[in-house]
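These notes concern the structure reproduced below.
The values are calculated or read from the model by the stated rules, or taken from the named source; none is laboratory data. Being a predicted model, the structure only gives us computed values, none of them experimental. Note: ideal-geometry Cβ built from the backbone for every residue, glycine included; neighbour counts use all protein chains shown.
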Amino acid sequence: MSLSIRQIHPVFVGEVAGIDLSKPLAPDEVSAVEAGMDRYAVLVFHDQKITDEQQMAFSRHFGNLEDARGGNITKPEDKRLQVGMNDVSNLGRDGQPLSRESRVRLFNLGNMLWHSDSSFRTIPAKYSLLSARVVNPVGGNTEFADMRAGYDTLDPATKALVEDLVCEHSLMYSRGSLGMLDYSDEERAMFRPVRQRLVRTHPVSGRKSLYLSSHAGAIVGMPTPEARILLRDLNEHATRPEFVYVHTWRPWDLVVWDNRQVMHRVRRYDEGQPRDMRRTTVAGDAPTTAQVPTA
Ligand SMILES: [Fe+2]
């Protein structure tokens, strides 16, 4: 095995060399990538010219692919990519950039808020894998924040305060913070808030992290303004520049991140020009806390 990983940020993020993701991986390569993910939380692979099928095959080494239903407002007939692929481009089915007024475009702007993918699901995502097929000429960096560092550097009183808190996450909270407040009954049911622990422990490393996301809009048992101020403070702390890695995309980069350990956001770019980014998502295996039983 010729795989090697070099840390490229003071607190996290590894750059991987010596692997070809278009080919089936050997078991020792899979274990090395997984161990790298546990340690660095974000791995960067350059020059990986992969098809959607190859991206899905690589992703399945780490678990089942997440069912994308319930995570967006794009109608099935408007989807550009096959089932199993999450389209995080700015393109419509015709391959052209979405119009300014497109509701799908406006909804997708929520990806510019710090978040953890699928924190709005009862079983939230494990890994996300993002492949850059067409890079936008202006902006469009993706930023990652290490939520273990965010947790480790809290003062003891704040650690004690947040230890057992449970948040409510919904796409309606993140989009609501951008002023998108109108949803159909069907969307409201689909985006019903779910509960997540605010502090979670990584199953392999045992490290604790803050499980923050712009989808978090409430804390169980706390008045809403108090909860939101606390969440804002924690977000501000956890996304301080020293905990953030900025990824400037090159075509055919593949970046893999562990949603249990990092938050991420995309920065603004020229929406008149294409940005074709394709994500696969590896499903998590357990909820972070019990849900409220529904009648
Ligand atoms: Fe995301």
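Here are the numbers for the structure shown:
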item	result
Neighbours by Cβ (under 9 Å, 6+ apart or cross-chain): first from segment 196-207, more than 18 Å from HIS169 (Cα to Cα); second part of a strand (DSSP E or B) and of a type in the set (Asp, Glu)	HIS202/ASP258
VAL204 vs. criteria within 16 Å of the ligand (Cβ to nearest atom) and of a type in the set (Val, Ile, Thr)	no
Evaluation of TYR151 against (1) outside any loop (DSSP other than H, G, I, E, B); (2) in contact (Cβ under 8 Å) with a residue 40 or more places away in the chain; (3) closer than 30 Å to ASP52 by Cβ (one fails), failing number	(3)
Candidates THR280, THR239 - the one that is β-branched (Val, Ile, Thr), in contact with a Leu (Cβ under 6 Å, 6 or more places away or on another chain), within 16 Å of the ligand (Cβ to nearest atom) and on the phi < 0 side of the Ramachandran plot	THR280
Residue list for segment 48-60, restricted to those being touching a residue at least 24 places away in the same chain (Cβ under 8 Å) and out of contact with any strand residue (DSSP E or B) (no Cβ under 9 Å at 6 or more places or on another chain)	LYS49, THR51, GLN54, ALA57
Breaking point among (1) in a strand (DSSP E or B); (2) of a type in the set (A, V, I, L, M, F, W, C); (3) surrounded by fewer than 17 Cβ atoms within 10 Å (Cβ to Cβ); (4) in contact with a helix residue (DSSP H, G or I) (Cβ under 6 Å, 6 or more places away or on another chain), for VAL246	(4)
Failed item in (1) touching a residue at least 24 places away in the same chain (Cβ under 8 Å); (2) exposed (fewer than 15 other Cβ atoms within 10 Å of the Cβ); (3) over 30 Å from GLN54 (Cα atoms), with HIS237 passing the rest	(2)
Matching residues, segment 121-143, being part of a strand (DSSP E or B) and either touching a Pro at 6+ places or on another chain (Cβ under 9 Å) or aromatic (Phe, Trp, Tyr) (or both)	TYR127, ALA132, ARG133, VAL134
Count of segment 3-15 residues which are surrounded by 14 or more Cβ atoms within 10 Å (Cβ to Cβ) and out of contact with any helix residue (DSSP H, G or I) (no Cβ under 7 Å at 6 or more places or on another chain)	3
The one condition in (1) modelled with pLDDT of 95 or more; (2) in contact with a strand residue (DSSP E or B) (Cβ under 6 Å, 6 or more places away or on another chain); (3) under 30 Å from LEU161 (Cβ atoms) that VAL266 fails to fulfil	(3)
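To keep it simple, each residue is scored yes or no on (1) within 16 Å of the ligand (Cβ to nearest atom); (2) touching a strand residue (DSSP E or B) at 6+ places or on another chain (Cβ under 6 Å); (3) assigned to a loop (DSSP other than H, G, I, E, B).
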position: LEU81; (1), (2), (3): yes, yes, yes
position: SER89; (1), (2), (3): yes, yes, yes
position: GLU101; (1), (2), (3): no, no, yes
position: GLY110; (1), (2), (3): yes, no, no
position: SER119; (1), (2), (3): yes, yes, yes
position: ALA145; (1), (2), (3): yes, yes, no
position: THR158; (1), (2), (3): no, no, no
